[in-house]
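This report refers to the structure that appears directly beneath it.
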Amino acid sequence: MGRYIDILVSSWGLGGEIKLYQNRGVEGFVDVTKESGLSEVYGGLNIRQSDYNNDGWLDFIILRGGWKLNPD
């Protein structure tokens, strides 16, 4: 089986949950957010990928925003 690209999405909002969809080729995408331990991760302005631990697999980091709820 070839290597397929998965999809990781976030929201600008504080209540928007991170979602991870695993690409299963001809079967399509499957939501694996809960199995991946991301079900209670909310918001994120940037997601960056790299092989941070040099194991040959892409890792990601979610950079949270500096939201200011009460502007002065």
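Bear in mind these aren't lab numbers, they're just calculated from the coordinates by the rules spelled out. Please read all numbers here as calculations on a predicted model, not as lab measurements. Note: ideal-geometry Cβ built from the backbone for every residue, glycine included; neighbour counts use all protein chains shown.
Based on alpha carbons, the Rg and Dmax found for the chain are 14.6, 55 Å. Our estimate of slack between residue 27 and residue 57, defined as 0.36 nm per intervening residue step minus the Cα-Cα distance, is 8.6 nm. The amide H of residue 29, built 1.01 Å from its N in the peptide plane, has 24 as neighbours under 5 Å, considering only residues 5 or more places off or on other chains. If R0 is 25 Å, the Cβ-Cβ spacing of residue 64 and residue 34 corresponds to a FRET efficiency of close to 0.75. Comparing mean-square fluctuations of 11, 39, 50 from a GNM of the chain with C-alpha springs under 10 Å, the top value falls on 50.
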